[in-house]
Amino acid sequence: MTTGPTARSLPREPLGDPQLRRLVVGQGLAAVVDALFLVWLTLFVLKLSEPGIATGLVLVAVALPRAALLLPAGVLVDRLGPARITAGACWLRVAVLLVLGALVTLTSPSVTTVAVLAGLLGAADAAYFPAALALLPAVVPTGKLSRVNGLVQGAESGGDLVGPAVAAGVIAAVGFAAALGLITAMAAVAAVVLGSLVRVVRRGEGAGDDVGPDAIDGERLSSARALGAGLRYAWDEPLARGMLAAVALINIAVVGPVLVGGAVLAEQRLGGAGSLGIVLSGFGAGSLAGSLMAGWRPPARRGWTVVGGVAAIGAGVAGLAAVTEVVAATAVVSLVGLGSAFLGVVIVATLQERVPERLLGRVLSLVVLATVAFDPFSYVIAGALLPYGTTTLFLVCGGAVLACAGLVAVSPAIRSLR
């Protein structure tokens, strides 16, 4: 495994290198664009039709290609390089947004048309997410990966926190077409900034062969075999296997209970459904704080930090069983958000440092898949447990995450991680 620096050292702190600044600005801006567009899309579909199945159809049209294409996209990242795929995905987003903007300005598009274009954006996301994560170690020195990940994920958390209010305000002020034009302009700036890194990052340079990163004994692997090689590495490597399992279990045990169970909790104990927005804003604030904390002061003993982060998330989810006030619920959910974001920065930075470069896109595509693919299962689990009460829901799901913390603690590969 590679543990040494993968890029030249930075001349100044913390963002003295201009290429590093471009990376942070470009990826941060792309994350904000995602947050704004999701709100725009939801509100626009609600304008086109009554609330109901149409909104779900469009959101599913984004989610399905994103989940289905993530693993093949990981193979593509390893073959063509993360910089090229990142730039290509960004420009695909811009092209789709331009088409959608033209339709919104000149016609009244149908829900089906919007869903098709949303599906293309989901495909662009599938390529962008693993490529953007794999791009960091190609530009950032190993010792700075945690800091840069914290800044990028902090921008994402900040976008999630203020995105709904900003998007709704802009739409109310200037209308859907102009708001989409602003989002498209921001996406174009992100594409230009990230595209400028293609010349900086030259994957395979100096490798001394023409067969690429998917070769064994001089023979180039097919796409299917290349994907299989990535899956085998993630399964056979204890560190990668343990971290991926932890991410998947946390996603299953937290997303549904917090969103579905949180809505019921707000109605039953916190004074009404309106309080849910306050509670969820606490999650966003906690996520922002956790990302920045993990980046600013990377932990010296990462293994025990991972254990502590998983345990904090589990304790927070279980703690929701006892809350009866909005302030207490917001504080507890903030803890869950803080632990989740802090853990995310540590896990991603660790994998970026230690996974071989030739497999990095495929392994990071698994990380992204573990964070997005299990949402439906989480909702089903939450729905199945809700008839037994929110107390049971939160205790069972929180207990599952705490049990995961125990399993992580007994893993030598993770426990000894520094």
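The values are calculated or read from the model by the stated rules, or taken from the named source; none is laboratory data. Keep in mind that what you see is a predicted model, and the values were worked out from it rather than measured. With ideal geometry, Cβ positions are generated from the backbone for all residues, glycine too; neighbour counts draw on all protein chains shown. Areas reflect the complete protein model, heavy atoms only, side chains present, ligands, DNA and RNA absent. Shrake-Rupley method; radii C 1.70, N 1.55, O 1.52, S 1.80 Å.
Among the trypsin sites (Lys or Arg not before Pro) within segment 299-378, which fall in a DSSP loop and have no more than 15 other Cβ atoms within 10 Å of their own Cβ? It would help to have the intermediate numbers written out before the result.
Working: sites: Arg301, Arg302, Arg354, Arg358, Arg362; in loops: Arg301.
Loop-located and lightly packed - Arg301.
From the square roots a ≥ b ≥ c of the eigenvalues of the alpha-carbon gyration tensor of segment 370-418, which class results: rounded (a/c under 1.5), prolate (a/b over b/c), or oblate?
Numbers: a/c = 4.81, a/b = 1.88, b/c = 2.56.
The shape class here is oblate.
Between Arg301 and Thr42, with labels modelled 7 Å along Cα→Cβ, what's the label distance in nm to one decimal, could you check?
For Arg301 paired with Thr42, the spin-label model returns 4.1 nm.
Measuring from the lowest to the highest alpha carbon on each principal axis, how far does segment 236-275 reach, largest first, in angstroms?
On the principal axes, segment 236-275 reaches 49, 11, 10 Å in Cα extent.
Residues of segment 170-186 with backbone nitrogen within less than 18 Å of a virtual label 7 Å along the Cα-to-Cβ line of Val372, please, listed as ranges.
Nothing falls inside the zone, counting backbone N under 18 Å.
Taking N as the number of residues in the chain, what is its Cα Rg relative to 2.2 N^0.38 Å?
Details: Rg = 21.2 Å, N = 418, 2.2 N^0.38 = 21.8 Å.
In units of the globular-protein estimate, the chain measures up at 0.97.
I want to make sure I understand the PRE zone here: with the label point 7 angstrom from the Cα of Ala177 toward its beta carbon, which residues in segment 25-50 have backbone N atoms less than 11 Å away?
none
Restricting to Cα pairs below 8 Å that are 6+ residues apart, what does the relative contact order work out to for the chain? Please round to a whole percent.
Numbers: 654 pairs, mean separation 106.8, N = 418.
The value is 26 percent.
Please report, ordered by residue number, every helix of the chain (full DSSP H runs) that is 24 Å or longer along its axis going by C-alpha atoms and whose mean Kyte-Doolittle hydropathy reaches 1.6. Intermediate results must be reported in sequence, preceding the final value.
Values: long enough: 18-48 (44 Å, 1.39); 53-80 (39 Å, 1.77); 82-106 (36 Å, 1.68); 111-139 (40 Å, 1.73); 145-174 (39 Å, 0.93); 176-195 (28 Å, 2.31); 238-256 (28 Å, 1.76); 275-296 (32 Å, 1.25); 302-319 (25 Å, 1.11); 326-354 (42 Å, 1.70); 390-409 (28 Å, 1.98).
For the chain, where a helix must reach 24 Å along its axis and average at least 1.6, the hits are 53-80, 82-106, 111-139, 176-195, 238-256, 326-354, 390-409.
Could you work out how much longer the chain between Ser223 and Ser49 gets when fully extended? Use 0.36 nm per residue separation minus the Cα distance between them, nm to one decimal.
Working: separation 174, 0.36 × 174 = 62.64 nm, distance 4.14 nm.
Between Ser223 and Ser49, full extension yields an extra 58.5 nm.
Quick check: residue separation of Leu259 and Val192 times 0.36 nm, minus the Cα distance between them. What number comes out in nm? Working shown, then result.
On the way: separation 67, 0.36 × 67 = 24.12 nm, distance 3.58 nm.
Additional length available on full extension: 20.5 nm.
Would you calculate the separation in nanometres between label points at Ala328 and Trp235, each defined as 7 Å from the Cα along the Cα-to-beta-carbon direction?
Spacing of the two 7 Å Cα→Cβ label points: 4.6 nm.
In terms of the Cα gyration tensor, with a ≥ b ≥ c the square roots of its eigenvalues, is segment 66-179 rounded because a/c is under 1.5, prolate because a/b exceeds b/c, or oblate? Write out the running numbers ahead of the final one.
Details: a/c = 2.76, a/b = 1.48, b/c = 1.87.
Verdict is oblate for segment 66-179.
Within the chain, what whole-number % of the accessible surface is contributed by carbon and sulfur, with the 1.4 Å probe and all protein chains included in the calculation? Show your work: numbers first, answer last.
Values: 12030 of 17640 Å².
C and S fraction of accessible area: 68 percent.
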